[in-house]
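Participant: Encoded as structure tokens, here's the structure I'll be asking about.
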Amino acid sequence: MSETLKDVPELFENELKESLNARTDGLASYKELGPPDLCHLTKSSGKQGVKEIGSYHHILGIDASSSASLAAYINSLTYSMDDPHGWFSKGAAWKISSGVYCCYNAFSRVDVRVEVNIPGGVSSYVVNHKGEKIEARPEIWHETHISSILRSFLYSDDENYRLLGLRKIDPVSNLNAEKRFLESAEQVFFKGWQLGSDPIIQVATNIHNHLVDGLMKYFSQSSRFETAANFFEKLYTRDPEVTALLARAYFGMDEEIKGVKALHQALKKNSMSYPLLHVQADFLLKKKKMETALQLAKQAVNSAPSEFITWAKLTEIYIDMDDFKSALLTLNSCPMFTYTDRDFPRMPQPMKVHLPARFEGNFGLGPEEDSEKESEVQSALARLPAPSLRGTFAVAYNILTLLVSKVGWDELLRCRSNVFVMEEEYRLQKAQEEQVHEPEGEDENEDDNTPLGVIQKQSSKEEEVPVENEEVEEKANVQPTPDSQLEKLDEQALETVPEVTPTNITPSDLVTEEVSTHNEESEEKEIDTKEDSVADQMESISLNDTLTDALPNQKKGDEPEVKKSLETTSIEKEKAETDGTTAEDMAVEKKSIESATTRVENIPPSMSARKDSNQSEKTEQDRREFITNFSNKRLCERWLDNLFMVLYEDLRAYTAWRAEASHIKAQHLTYSKTGAEWETLGDLGLRLHHKEEAKEAYQRCLHNKFSAKAWLKLMKIYADEDNLQQALTAIVQLSVHNDRWYNDVVYPSPVADVLNHLIKNHGLSKVQNVLISMNLPAPVYKIVTRYFAHAELFKIDGSEW
């Protein structure tokens, strides 16, 4: 016979028993449920000079309630040895000479091993983290049994838990197995906190741990809440918090009165138990009692502020109430925990891997060999960070995507800016604080800390002052402007004053404004002084008659101005002759100077003071309003800010995809994407809660290649749409795929969950008739009918009609 097994995966060792040694070395690193079971086989050919070889495979779901059940599994493998390869003569007659089955006890943190010698006896022992062998106690088997079944429940349908050479067996295949499982679970129930908990739970309790997660998964997928109620009724008297699980079972049975009474009695004993408050809040949410549920969620946060799920529940209630600002603030307050991966065995590189197929061909179903091109993904989609989120960060991101699906991206950003301090606002606040603490004399005597832009602006103003004063002195005797023109100038001056808002203030602008105000006041004082001196000199001036005759229309008070202008003209001519400047250049220069002087001159001192007063009042009012708004905001946590960026990347990729789809549809073109790219786009659509687009992407993926993930997602979408025919098609495809890769788990599994849902809605007879009408090959039909047999055996809702 050959050295391989017919229908069991095998990994062959380079050195005999190296896998057992590696497992012993890794015992100290396991923190929670531990790795899958390990079955090691030693094979011999019976010929001299031929060394023994060792092979192993991982396994989930074996009944580990006694050493006899584990020894029976090893004995069953002796009948799975492969046929000889030779046709005319037999090859080496390989057979299993011994085997070791290893099962990790997650309660005691030891490895329980059963060694079988063929022929020979059976021995069992325990190996601790130090590698020491200890005698196995009888009571240790209850813990080992539960540990094995919980790993099967929680690992078998985990997409991220992939292990080469893993075989999965149905852990609870009949009513007797279920009875043994529940009896063992009852004995170790209050030790469940030792197993650890889901990554979103910080502290494991009697209510939140892996044992409770496995039990609730087992009961809820088949809707067998009556069995769950019978189980928890035996335990809730020892711990009032167990009533939360009992009440959930009552509500699942539609026994709402019993559930409410049980919660009432438990809350009398422990009114600050957040599991009890959460069950009550969920019940009220179904009854549309939002306000009351909100108060209970707040009380749960007060009772357990360090737990993520209390804040997450409060955030979800705020979203249901359309209070999105409060939802963002609450999400920002969630405590985040570091994600811990499941315990994974580390084995040496095998010499050879044997993965036999159970059937020849796939009957036109299941996986086929796909080209490498269909597995390629463009870099923009492959770099999306959202698929790598785990634990509390994945849950928080899901809440954020739910929020953006309700309000949209623009409204979400608006809510974000209303409740969180933006970077620009923070810099403005710091600038205003620095301005308040500046010394009073800093404007007059600049020190080294003055911004460079302020010093340059101030020096330029000082250079302009003499020119302006000279022009004002020349224009001192111009006729006063009428009141109507003054009012127009006032309005123009007010329009030219820049509006100061908190969003466009910078620290340099604040200091510059003080410097410029001081310079303007000094300029006004100098102008007033020069006006008085010019008026005194006007009384002693006598005008030349010739000048008066030459300019009959010139008023008396304007004659000095004309004389001055004539003198200036002669000077300009001499300067032009000396410098070579043309008359046109001089005229342009003179016109620009006069226009600049006129703008300064036409603003009277009273108007300048009024402008400064209005501007300072408005600035002070805006500053107070800005400080008030700033003090009412909170700082956004860094992890939430990162999630916003992750969401932006997803939305950008989704928008590009939909724009491309619209263009291709309008131009009647064909897509050029690979199957892996369509699968990635389907995941993107589901993350953003766009089911129709996700369904389209998964369907296009299956046109290009086989994808178990795409079939799994489509199966759930079809079940939600109550599409019986398409859902059964997906179930058949996944059943064949699971059988090919040594997955014999019937329940609990995603396939059983969807099928039980269909049976509950349509009845077992109708679903079976639709399956028969599909004319499946006999081996495929036999694989699928295992799920129907389980539904009949355990009397799932709808199995009787």
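The values are calculated or read from the model by the stated rules, or taken from the named source; none is laboratory data. All values reported here derive from a predicted model rather than from experimental measurement. Quick reminder, even Gly has a Cβ in these numbers, built from the backbone with ideal geometry, and neighbours come from all protein chains shown. Protein only, heavy atoms only, side chains kept; ligands, DNA and RNA dropped before computing areas. Shrake-Rupley method; radii C 1.70, N 1.55, O 1.52, S 1.80 Å.
Participant: Go through region 175-234 and report how many residues are among the aliphatic types (A, V, I, L, M) and in a loop (DSSP other than H, G, I, E, B).
Facilitator: The qualifying residues number 5.
Participant: Which of the following residues is within 29 Å of Leu164 (Cβ to Cβ) and part of a helix (DSSP H, G or I): Tyr747, Tyr787?
Facilitator: Only one candidate qualifies: Tyr787.
Participant: Tell me yes or no: at least one residue of region 655-673 is of a type in the set (Asp, Glu), open to solvent by 50 Å² or more (accessible area, probe 1.4 Å), over 30 Å from Phe794 (Cα atoms) and outside the structural domain of Glu792 (by the TED database).
Facilitator: Yes - at least one qualifying residue is present in region 655-673.
Participant: Moving on to the next point. Of Ala136, Ala68, which residue is loosely packed, with under 15 Cβ neighbours inside 10 Å, among the hydrophobic types (A, V, I, L, M, F, W, C) and either modelled with pLDDT of 95 or more or assigned by the TED database to the domain that holds Pro36 (or both)?
Facilitator: Exactly one residue qualifies, and that residue is Ala68.
Participant: Can you pull out every residue in region 257-294 that is buried (at least 17 other Cβ atoms within 10 Å of the Cβ) and touching a Phe, Trp or Tyr at 6+ places or on another chain (Cβ under 6 Å)?
Facilitator: Hit for region 257-294 is Gly259, nothing else.
Participant: A further question on this structure: Could you check Pro356 against (1) part of a loop (DSSP other than H, G, I, E, B); (2) farther than 30 Å from Tyr781 by Cα and say which number it fails?
Facilitator: (2)
Participant: Now, a different point. Only residues that are touching a residue at least 60 places away in the same chain (Cβ under 8 Å), closer than 22 Å to Leu403 by Cβ and assigned to a helix (DSSP H, G or I): list them for region 682-731, please.
Facilitator: Asp683, Leu684, Arg687
Participant: Could you give every pair whose Cβ atoms fall below 6 Å, whose first residue belongs to region 256-284 and is at negative phi, and whose second residue is part of a loop (DSSP other than H, G, I, E, B), counting only separations of at least 6 or pairs across chains?
Facilitator: Tyr274/Ala304; Pro275/Ile207
Participant: When you go through (1) open to solvent by 10 Å² or more (accessible area, probe 1.4 Å); (2) at pLDDT 95 or above one by one for Lys352, which number turns out not to apply?
Facilitator: Just one mismatch for Lys352, condition (2).
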